[in-house]
Amino acid sequence: MGPQEIKPGVWWVGVVDWNLRNFHGYSQTYQGTTYNAYLVLDDTITLFDTVSWKYREEFMCQVAQVVEPEKIDQIVINHAEPDHAGSLPYVVDRIRPQKIYSSRVGDKFIRGRFSSQEWPLEVVENGQTISLGKRTVQFAETRMLHWPDSMVSFIPEEKLLISQDAFGQNIASSERFDDWISWPELKKEMAHYFANIILPYSARVPKALEAIQALGWDIEMIAPDHGLILKEHVGDAVAAYQEFAAQKPEKKAVVFYDTMWESTEKIAEALASGLTSQGISVKLYHLKSWHHSDVMAQVWNAAAVLVGSPTHNNNVMPLVADMLTYMQGLRPKNKLGLAFGSYGWSGESPGIISRWLDEIGAEQPLDPVKVQHVPGHEKYREIVNTAENLARHIEDQVRQFGSK
Ligand code: FEO
């Protein structure tokens, strides 16, 4: 995709990665992604962010279609992660900028990651404004959204927020704006991104949004570093981020499990059946069929997480350990938990899962479900009853948070 002018004199010069499926080594993306970078043509020509090192040459071609790279005066690095700053050594060599702006932490990260001692690095403080000539740029730190160095850049004359990871989505497309996609589909991709990248730092989101509001920024367009540029759904996106960050539990349960000889799977299905009979929406994931990032994309607003594994070598199955480790790192809030599993003789897995759920902070109102060998009809009925009981706790949880 060639460069595109998104506002008069403001160009998208990013790269579309159509075939990416593994985002950052841990999250699945089904629609690829983009690495967005922006070029502002003013008295001082300024580049905002770069792209992954893999695409450095394509990136420079993009830039060169808008302006001779050597004419770029300065670079703003909103976020030093390699998908945005990875091409920096190549870009700096080529354009020899007079300044490279970043946050104070960004400055440390750039110095730490690159052999950058000779680069003209300059720190911008939270709330600082620089002039480009006809336009200005204001900066606000958005620490931990997604790294400690993260900041956003606002160009008030264009009502344009360049937001790095915030409001990003993994969508590769020939279109640059959000006017071709339905809001539910865009929100789904934004939620998948948030649940796997931003979720541990949810508490920072309302603070960042309040800080931006306090600066009085009048935002008409949000240009993130991944996916589509928001012009139709700016308000929707801000509201969605508030919703994602609040993690209000909905009348929904996520059941994930692995199974050896299908006994644990039978328990999972009995639990799902009991929950749905009580009007709880259920997402059922056999971990051999689903990626951990897809499960997390449903966990953030679920009231309950039910986790199952047969006992294998006195422990849980490897994929269950993977999912629990991943979920623990993402620190979901406001969850009820239930452990379950089948066993042949020793039966440790439900207890192990239960302790893990404790560490994650999931409240467990019911004892783990443990079944020796295969659940027969009577046991199946008992498990359904347990799920119906859990459904009442879910109703209470949802009422308590005033969600739906
Ligand atoms: Fe898109 Fe945190 O990098």
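The values are calculated or read from the model by the stated rules, or taken from the named source; none is laboratory data. These numbers were taken from a predicted model, which means no experiment stands behind them. As a convention, Cβ positions derive from the backbone with ideal geometry for all residues, glycine included, and neighbour counts pool all protein chains shown. Just the protein is used for accessible areas: all its heavy atoms, side chains included, with ligands, DNA and RNA removed. Shrake-Rupley method; radii C 1.70, N 1.55, O 1.52, S 1.80 Å.
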Query raised in the report: Where does helix 234-246 land angle-wise versus the long Cα axis of the chain, in degrees 0 to 90, nearest 10?
Result: 40
Query - Two-decimal Rg to Rh for the stretch 218-362 - Kirkwood Rh, Cα set - result: 1.07
Report task. Run a plain Debye calculation on the stretch 149-285 (Cα atoms as equal point scatterers, no solvent) and give log10 I(q)/I(0) at q = 0.12 Å⁻¹, rounded to two decimals, same order as the q list. Result -> -0.60
Query raised in the report: All other residues with a Cβ under 12 Å from the Cβ of Ala237 taken together, and with Lys, Arg as +1 and Asp, Glu as -1, what is their net charge?
Result: -3
Query raised in the report: Given the chain, what percent of its DSSP beta bridges are antiparallel, to the nearest 5?
Result: 40
Query raised in the report: Taking every DSSP beta bridge that has both residues in the stretch 164-315, what percent is antiparallel when rounded to the nearest 5?
Result: 10
Query raised in the report: Going by alpha carbons, how many degrees (0 to 90, nearest 10) lie between the helix axis of 377-401 and the longest principal axis of the chain?
Result: 40
Query raised in the report: Of the cross-linked pairs Lys283/Lys370; Lys187/Lys288; Lys7/Lys207; Lys248/Lys288; Lys283/Lys404, which ones have a Cα-Cα span greater than 18 Å in the structure shown?
Result: Lys283/Lys370; Lys187/Lys288; Lys7/Lys207; Lys248/Lys288
Query raised in the report: Over the chain, what is the mean sequence separation of C-alpha contacts under 8 Å (at least six apart), divided by residue count, expressed as relative contact order in percent?
Result: 12
Query raised in the report: Over the Cα atoms of the stretch 102-169, Rg to Rh with Kirkwood Rh, two decimal places?
Result: 1.00
Report summary line: The distance between the Cα centres of the stretch 207-264 and the stretch 371-404, in whole Å, is 29
Requested in this report: For helix 104-113, report the angle its Cα long axis makes with the longest principal axis of the Cα atoms of the chain; keep it between 0 and 90° and round to the nearest 10°.
Outcome: 90
Report task. With 10 Å bins from zero, work out the P(r) of the stretch 159-209 over every alpha carbon pair and list the percent per bin. Result -> 21, 51, 26, 2
Query raised in the report: Could you list, bin by bin from short to long, the percent of Cα-Cα pairs of the stretch 360-403 in 5 Å steps?
Result: 5, 18, 22, 20, 16, 10, 6, 3, 0
Requested in this report: Leaving out ligands and nucleic acids, note down the accessible area per residue over the chain with a 1.4 angstrom probe, in whole Å².
Outcome: 40
Query raised in the report: Hey, what's the per residue convex hull volume over the C-alpha atoms of the chain, in cubic angstrom?
Result: 135
Query raised in the report: Which value, in Å to one decimal place, does the Kirkwood hydrodynamic radius take for the stretch 49-170 when every pair of different Cα atoms is included?
Result: 14.6
Report summary line: Taking max minus min of the Cα coordinates of the stretch 276-404 on each principal axis, largest first, gives extents in Å of 44, 34, 25
Requested in this report: Using per-residue counts of other Cβ atoms within 10 Å, averaged over each peptide, order 219-230, 269-280 from highest down.
Outcome: 219-230, 269-280
Query - Span from the the stretch 24-78 Cα centroid across to the the stretch 281-340 one, whole angstrom - result: 37
Query raised in the report: Which value in deg cm²/dmol, rounded to the nearest 500, describes the helix-derived mean residue ellipticity at 222 nm for the chain, given -39,500 (n - 2.57) per DSSP H run of n ≥ 4 and division by the residue count?
Result: -10500 deg cm²/dmol
